1. In angstroms, what radius of gyration and Dmax does segment A:107-190 have, counting Cα atoms only?
2. Tell me the label-point distance for the pair B:Cys244, A:Trp22, using the 7 Å Cα-to-Cβ offset, in nm and rounded to one decimal.
3. Just how far, in whole angstrom, is segment A:1-53 from segment A:79-94 if you go by their alpha carbon centroids?
4. Output the 0 to 90 degree angle, nearest 10, between the alpha-carbon long axis of helix B:227-255 and the longest principal axis computed from the alpha carbons of chain B.
5. Cα convex hull of segment A:190-249: how many Å³ per residue?
6. If I take R0 = 35 Å and measure r between the Cβ atoms of B:Ile56 and B:Ile236 in this structure, what FRET efficiency does the formula 1/(1 + (r/R0)^6) give, to the nearest 0.05?
7. In peptide B:92-100, how many Cβ atoms from other protein chains are near each Cβ within 10 Å, on average?
8. When DSSP beta bridges are limited to those with both residues in chain A, what percentage is antiparallel, rounded to the nearest 5?
Amino acid sequence: MFAVQAENLQKVYPVAIKEPGWQGTLRHFLRRTYTIIEAVKGVSFHIEPGEVVGFLGPNGAGKTTTLKMLTGLIHPSGGKVEVAGHIPYRRQEAFLHKITLVMGQKQQLIWDLPAADSLKINAAVYNIPEAESRRRIGELTEMLSLQGKLNQPVRKLSLGERMKAELMAALLHEPQVLFLDEPTLGLDVNAQVAVREFLREYNRRTGATILLTSHYMADITELCDRVIVIHQGQLIYDGNLDSLIERFAPYREVQVELAHPLSPDKINQPDFFRAYGEVESVNGQSVRFLVRRSQLTGAIGKIIADLDILDLTITDPPVEEIIGRVFQTGSSDFSPKVG
Amino acid sequence: MRFFRIITTLLSVYYAYMVEYRAELIFWVLSGSLPIILMGIWTQAASSGEFGLSSIDFARYFIAVFFVRQLNVVWVIWEFEKEVVEGKLSPKLLQPLDPGWHHLLSHTAERGARIPFIIGLVLLFFTLYPEAAWFPSLPNFLLALFVAILGFFLRFLIQYTFAMFSFWMERATAIEQFWFLLYLFLSGMVAPLEVFPDRVREIIMWTPFPYFIHFPAALLVGLPENVGRGLLVMFIWSAIIFVCNRWLWRRGLRHYSGMGA
């Protein structure tokens, strides 16, 4: 049985349209017109128990709408969805015990009270015995390094501490399926690392399934082997992160440090570097090329033979850049014009 | 057992939450002083002897109204509307507990935090106006208290039902604001129903309004009331509104888009 299964999942909703200005306002008051937004257009995928999957897409791609359907917050307009063996929108008690949703921008903790009070409510609502809830709180406090923070009012906690406390509240009932929507949003680098490490450890300890959206690529590269990419409500990629990089960026970046600065006439000669690859930039003695992976060995050999160089480094282009290109093209047919 | 634990936990946490607002509570209690102002007007008017109630009767009635009104203050529609419009309902929908319990028990806990202030103000009133002081008999007091609590539940249920329209409307509070106008006049808050014409009063007694304020206040003061009919009408309205509430809740959830969440 899959932990998450979506078949041809769709969501459409009407949105009122208003023209600017007085006329538009009057028309909007007298006769409101609506347009139908197709937020999710037939998305299908499934996730095995224990998998950690990155859910990527630009703003407005339909990620959060999909997560809302998977958690039962909203009803799908079409298609089938099943999470942990349940139809989410029925919101059966057994289902709600098995899942959680953490939203970076929305909080469940009571703002003016210590997080310990909200945890007490969650323990009662999820029917976790007192001793067991104390054990879990202790364990999560240690994993999240929240010692001494649970008795302070939530409003007095830093953003990072608050996010960790939110995670704690969301995980107290030990859900089997975690939906995380931008869990590191707005956190500083240290807090991001701490949250990531916690999620990795939680997944290892409990075998929970995690579906994660994030605009921080480090969250994805460090936690997820598999990514699902949606664009304008449609699924455009589902597979291994390495394959995504291979497919969407079939080139590597070669940086060469020359022994001597290039003369201006060579820099201005368009064909001078073409034999090695596509020039990204020339900065004094430093030159960056993009070289197709299949032509890498030949190009490096030529560079070493032809040029007087001090240093040479070969790297993959940053994942952010690759994903950005995927979003820009909006399809899996992207093929860079390199070499 | 689980349900009992949820109730006691929510009550204790929301009581702690309300105590955080102890300074604001004094102002909230004072903001319910309209009956005290109306008392001044009616005790003056009663001196003409046209209303069948004496000045002291009016003074006692309005202090009882003040007390009962403090017990049935409800604001659930403002909170629920905000939750729906801003998507803050989502975290509560993810828990295996109807969100209504959070609202009901936060109101109940607030009553606990408010009571000391209410008692203080009533005692202050009796000190300043000792002629109006009275002690209702224990059975009358308990019956009035019971009815006032039922009145609170009914008022909560009705406002929570209006709140369900937040799923379709941007500002469901507008319904409550209109309803409040009827509530103000028909509940006995502005004037005791004894001063209404008999036929009008008879019709009003079949609506839910008098049971929020007039009915418990009159029992507290010792005015003659048909207790059996009162309880029956309250029960019937509660049942009707409860069914509507659950129907709207189920329909509304289909409409919910979890905006911003």
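1. Here Rg and the maximum Cα pair distance are 12.2, 36 Å.
2. Reported label-point gap for B:Cys244 and A:Trp22 is 4.1 nm.
3. One Cα centre to the other: 20 Å.
4. 20
5. In segment A:190-249, the Cα hull volume divided by residue count equals 96 Å³.
6. The value I calculate is 0.50.
7. 6
8. Antiparallel bridges make up about 70 percent of those DSSP assigns within chain A.
Only the coordinates and a few stated rules stand behind these numbers; no lab work does. What you see is a predicted model; the values in this text were computed from it and never measured. Backbone-built Cβ (ideal geometry, glycine too); neighbour counts: all protein chains shown.
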